[in-house]
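The values are calculated or read from the model by the stated rules, or taken from the named source; none is laboratory data. In this text the structure is predicted, and so the values were computed from the model without any measurement. Every residue, glycine as well, gets a Cβ built from its backbone with ideal geometry; the counts of neighbours run over all protein chains shown. When the accessible area is computed, the model is the full protein with side chains, heavy atoms only, and any ligands, DNA or RNA have been set aside. Shrake-Rupley method; radii C 1.70, N 1.55, O 1.52, S 1.80 Å.
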Amino acid sequence: MADPRFEILDHIFSGTPELALHHHDSYARLLSTDIPTILSSISPIKIPLIQKSRLALLKTGGDEDFEVRAPTEEPDPQDLPDLEAYAKYDAVVSISIVPGSIRIAKPVIHEEDEEGNGVTRPIFPNDARLRGLTYMAPVTCTVKSRVLDIGSGKAKEAVTKRAKILDLPLLVKSNACWLHGASDVALQHLGEDPDDPGGYFIIGGGERVLVSQERVTPNLPYVSSVPEVMMACSGEGALRVNVIRLKFSEKERGIVVAAQGIKGEIPVTTLFRALGVISDMEIAMTIFGKPVEDLDRDESAILRDTFASGVGIFDQPSAMRLIANLSRGLTLHSANTIIHQRLLSHQTGLVAKAAVLGHLTKLLIMRKLGRIGDTDRDNAKNKRLAITGSLIAELVTTMMDRREEEAKRRITSKYNYNNLAFEGEKVFGLHGSLADIFSPEDNTNFILRSFKGQWGADPDNKIFTSVEGVSQALDRLTYFASVSHLRRISLERVPQGRALGARRQHMSSFGYVCPSETPSGGPKIGVVKNLAVLAKITAGVPRDTLMEVLKILDIIPVYEVFAVDRSKLVRFYVDGELMGYVDNGAKTTDTLLTKRRAGELDETISIAHMRIDRAIYVSTTSGRMIRPLIRVKDGVPMMAEAL
């Protein structure tokens with residue numbers, strides 16, 4: 001009789017392609033989800049135009065001398081918001097990417113045949129290796145530009161189909177590669193090894209692999225001995241991170257907050273009031289989740305000092321005005337953007353943001369009083385891996401942000417220095433300057449520069465720093481060396497000195513990270529590691545199915561729970577976002593686990609009930625290390641059920 005353990009291994013490990021599966025899955029997500037999301041996030045780009053003489057008057061705020069011109073013709077209804085928002089300007093240029101128009105072509109090469117005629121034919125990975133070429137394909141989309149003349153109310157629109165954004169390096173054997181799904185015979189005919197798992201790129205004829213980077217998990221609080229509490233916030237599908245830090249003021253004894261978009265530090269009470277938690281009693285209950293009279297002497301003393309440091313700000317309007325004065329735009333609009341979009345960007349709604357801020361403040365107070373320890377940053381649950389797809393997505397996000405700024409600067413400069421050429425309805429002539437607005441050649445050079453070793457560097461924008469060791473030449477010394485290189489992971493920041501905690505094998509990584517495969521000496525020991533054979537890295541799954549399942553659970557929304565009652569309930573998180581509270585954490589966890597085992601939820605969704613913290617964490621994101629486990633019931637392994 002066959003040993004059932006080997007049958008289970010056959011189900012789990014189906015061969016060499018599994019070893020590079022995380023590269024393929026994340027790259028597929030990049031093409032299908034991340035790139036469309038990035039391009040749609042900057043669309044539309046609004047560029048208001050105004051003559052220099054009128055711009056000076058606009059900046060000085062001389063409204064009584066400022067001429068606001070009413071449209072001379074009946075405007076198109078779609079232009080009414082712009083006519084109202086930019087009434088003091090001369091014109092507005094809008095550039096948008098048509099949804100669903102993004103295409104990633106197969107790689108081809110344009111050559112001349114023996115008779116000198118131009119021909120186009122497919123280029124395969126081995127062609128790129130032998131001829132020193134880069135295996136890449138164009139990313140195109142439909143770009144719609146609209147120029148609106150504020151004075152007349154007229155608008156003209158131009159549509160550019162198949163506008164090129166960049167040439168994107170293709171992952172060998174990915175679903176965008178010619179080799180995807182090819183038979184062993186076909187692979188041999190094309191000069192490929194059928195057992196080669198792919199998962200790498202060909203840049204200038206050389207094979208390059210992106211090494212997975214180990215980072216902190218976003219949307220989780222990190223407590224340190226300063227004392228300080230830090231959280232890197234990232235919303236669903238977002239690739240940008242907004243950091244918030246809480247600590248005790250060096251000048252005063254109260255708690256202060258540093259958040260992106262706000263210059264310096266502000267008292268935490270000011271931030272609570274900006275979020276709609278006004279009175280001192282409400283703030284205290286939001287922090288501790290219990291009646292004020294139940295606080296002990298030490299907790300009350302810290303709260304008194306904190307309330308004293310926020311003196312002068314007692315309501316929401318004054319709190320918003322202070323944040324506006326400390327923002328880059330110096331306006332209430334800037335303050336609203338910070339509060340609603342950038343502050344705790346993974347949360348939706350002011351009530352939920354206030355609840356999370358209260359929890360972070362409580363952690364800081366507990367650390368100050370010595371009732372909790374520091375967060376174990378080396379624990380596997382507090383780490384995420386940035387893999388091929390997410391690494392490239394970050395590059396594309398940075399690239400498009402810079403192109404957006406360049407587009408605004410270029411069009412504004414062209415208009416300002418050619419006032420007469422674009423006066424009145426002549427402004428429609430700007431359409432001719434919008435054809436290559438996204439600078440595809442510059443985009444391609446930026447991406448290729450990163451793949452060649454200078455990851456993230458952009459000398460054209462005076463950014464010379466780069467992350468070392470992300471893109472590496474694939475080790476082809478032996479077959480096993482190549483497979484090992486594809487499963488390598490590395491700390492994003494190499495610790496200085498001994499840093500034994502970061503270099504040691506943490507017990508929580510058992511079964512995820514190989515305990516022996518690491519450099520035997522030098523600064524890279526314990527910094528460069530390898531995945532265990534049966535471990536995998538998630539590529540991330542959509543939340544849709546999970547959210548449908550959550551509807552049948554008894555999850556109480558945050559806004560329905562009084563602050564004073566929150567400490568009695570179990571917090572429920574999805575990807576770090578506080579979704580609400582549950583009465584019975586064990587029952588909710590068992591329900592979710594049952595549905596995952598029944599196939600109603602994706603098998604890569606992580607579910608954890610932290611009883612001491614009174615919280616349930618559900619994760620759907622990419623970069624989580626997972627491993628197979630055999631369930632045990634009444635002391636007996638459930639191998640039959642596993643099969």
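Working note: Karplus 6.51/-1.76/1.60 with θ = phi - 60° gives the range 557-567 the couplings x, 4, 6, 9, 10, 5, 4, 5, 9, 5, 5 Hz, where Gly and Pro are set to x. For the chain, relative contact order (Cα pairs under 8 Å, six or more residues apart, normalised by length) works out to 15 percent.
Using DSSP H assignments, which helices in the chain have an axial alpha-carbon span of 24 Å or above and a mean Kyte-Doolittle hydropathy of 0.5 or higher? Length and hydropathy pass: 350-368. A Förster radius of 30 Å, combined with the Cβ-Cβ distance separating residue 228 from residue 340, puts the computed FRET efficiency at roughly 0.75. Taking 458, 193, 3 and ordering them by how much accessible surface each has at a 1.4 Å probe, largest first, produces 193, 3, 458. Put simply, when 242-251, 80-89, 276-285, 475-484 are sorted by average Cβ atoms within 10 angstrom per residue, most first, you get 276-285, 242-251, 80-89, 475-484.
Can you list residues from other chains, or at least 5 along the same chain, whose modelled amide H is less than 5 Å from the amide H of residue 512? Here the answer is none, since no amide H 5 or more places off falls under 5 Å of that of residue 512.
Annotation: amide H of residue 50 within the under-5 Å range of 90, sequence separation 5 or more or interchain, hydrogens built in the peptide plane. Compute the separation of the alpha-carbon centres of the range 143-186 and the range 238-259 and state it in Å as a whole number. About 40 Å separates the Cα centre of the range 143-186 from the one of the range 238-259. Amide H contacts of residue 384: 215, 216, 217, each under 5 Å away and 5 or more positions distant or on a separate chain (H built 1.01 Å from N in the peptide plane; Pro and chain starts excluded). Bridgeable lysines around residue 414 (alpha carbons under 16 Å apart, same-chain partners fewer than 8 residues away excluded): 46, 52, 426. Given +1 at the Cβ of Lys and Arg, -1 at the Cβ of Asp and Glu and no other charges, the dipole of the range 311-388 around its Cα centre is 160 debye to the nearest 20. With helices as the sole contributors, the chain gives -9000 deg cm²/dmol at 222 nm; each DSSP H run of n ≥ 4 counts as -39500 (n - 2.57), and the sum is divided by every residue.
Between the residues 24, 98, 9, the greatest Cα displacement towards the positive end of the dipole of the chain, with unit charges on the Cβ of Lys, Arg, Asp and Glu, is found for 9. Mind listing P(r) for the range 409-456? All alpha-carbon pairs, 5 Å bins, whole percents. Computed distribution, short to long bins: 5, 18, 19, 15, 11, 10, 9, 7, 5, 1.
Compared with the direct C-alpha span, the chain from residue 243 to residue 16 gains 77.8 nm at full extension, assuming 0.36 nm per residue.
The dipole here belongs to the chain: it is taken about the Cα centre, uses +1 on the Cβ of Lys and Arg and -1 on the Cβ of Asp and Glu, and is about 1680 debye. For residue 368, which lysines qualify as cross-link partners when the Cα separation must be under 22 Å and same-chain residues fewer than eight apart are set aside? Result set, ordered by chain and number: 247, 251, 290. Computed extension length for residue 602-residue 405: 67.0 nm, one decimal, from 0.36 nm per residue of separation with the Cα-Cα distance subtracted. Measuring spread by the Cα atoms of the range 173-314 yields a radius of gyration and Dmax of 26.4, 79 Å. Note on residue 630/residue 130: beta-carbon distance plugged into 1/(1 + (r/R0)^6) with R0 of 51 Å gives a FRET efficiency of 0.60.
Each listed q (0.10, 0.17 Å⁻¹) maps to a log10 I(q)/I(0) for the range 522-643, found by the Debye formula over equal Cα scatterers with no solvent: -0.41, -0.97. Just want the answer: with Cβ charges of +1 for Lys and Arg and -1 for Asp and Glu, which residue in 390, 562, 270 is farthest toward the dipole's positive end in the chain? My answer, from the dipole projection, is 270.
Spacing of the modelled spin labels on residue 315 and residue 111, each 7 Å from Cα toward Cβ, amounts to 7.7 nm.
Here each label is just a point 7 Å from Cα along the line to Cβ, and for residue 475 and residue 560 those points are 5.5 nm apart. The label-point distance for residue 525 and residue 325, in a model that sets each label 7 Å from Cα toward Cβ, rounds to 5.6 nm. Ignoring aspartates and glutamates fewer than eight residues from residue 633 along the same chain, the ones with Cα atoms less than 13 angstrom from its Cα are 641. Evaluated with a Cβ-only charge set (Lys, Arg +1; Asp, Glu -1), the range 597-643 carries a dipole of roughly 200 debye about its Cα centre, given to the nearest 20. Along the charge dipole of the range 443-592, Cβ charges K/R +1 and D/E -1, which of 538, 480, 470 sits furthest on the positive end? About the Cα centre, the residue reaching furthest to the positive side is 480.
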